[in-house]
Amino acid sequence: MKAYVSVNITKGWDTWNEMAEELNHEMVSVGGMQFIYKGCEMDEKKIHLIMEVESMEKSKEWLTRPDILEKRIEAGAVIESTVIIPLKD
């Protein structure tokens, strides 16, 4: 299944993207998620993602794990702004 994700960020694209790349392997192997597309708005205050996800439940569980939450927050993600919309293929 695919999902659209958006999140406000406070530390710019490079900081957020570096964190995402560092977590990519674990995200695929443990969370069952893979980036199809990732980008940000021109002002670098919001990211937009299209992801392949194994299940919405597994993805939400991985994204809210305390260690992953901490890394996301450190990279400038505004956690409460996260929007995840399942997409029909």
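The values are calculated or read from the model by the stated rules, or taken from the named source; none is laboratory data. This structure is a prediction, so every number in the text was calculated from the model and none was measured. Cβ atoms come from the backbone with ideal geometry, glycine included; neighbour counts cover every protein chain shown. Just so you know, the surface numbers come from the protein's heavy atoms only, side chains and all, with ligands and any DNA or RNA stripped out. Shrake-Rupley method; radii C 1.70, N 1.55, O 1.52, S 1.80 Å.
Taking a point 7 Å from the Cα of D67 along the Cα-to-Cβ direction, the residues of the range 27-53 with backbone N closer than 16 Å to it are 27-32.
Where the accessible area of the chain is counted over protein heavy atoms with a 1.4 Å probe, how much of it, in %, is carbon and sulfur? With neighbouring chains kept in place, the figure for the chain is 55 percent. Per residue, the accessible area of the chain comes to 60 Å², computed with a 1.4 Å probe over protein heavy atoms only.
Between E18 and E54, the modelled label-to-label distance comes to 3.0 nm, taking each label 7 Å out from Cα in the direction of the beta carbon.
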